[in-house]
Amino acid sequence: MELKRNNGDRGSRKFVAHNGVVYDVTDCPKWRLDMHESLHFPGQDLTSELPEAPHEEDVFTRPCVKVIGRLEA
């Protein structure tokens with residue numbers, strides 16, 4: 001799964017990863033401006049950043065978030 005390529009540039013989808021799972025957040029309102037809450041860019045693994053977020057990992061179960069696949073080792 002090419003995570004860094006899917007960062008919203010040139011019309012690409014916006015992917016993020018957490019605990020090895022890749023999610024498409026393109027259609028999520030909080031990701032529309034290419035940066036989530038002025039802290040996170042799409043195309044990144046957010047596993048290490050989530051513990052400091054004001055929400056839990058259940059954020060990845062919202063209807064606008066789609067599971068795309070898994071990160072390759």
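None of the figures in this text is laboratory data; all of them are computed from the coordinates on show. Since the structure is predicted, the reported quantities are computational estimates derived from the model, not experimental observations.
With N counted as the residues of segment 9-70, its alpha-carbon radius of gyration over 2.2 N^0.38 Å works out to 1.01.
Between Arg10 and Phe41, residue separation times 0.36 nm minus the direct Cα-Cα distance comes to 9.7 nm.
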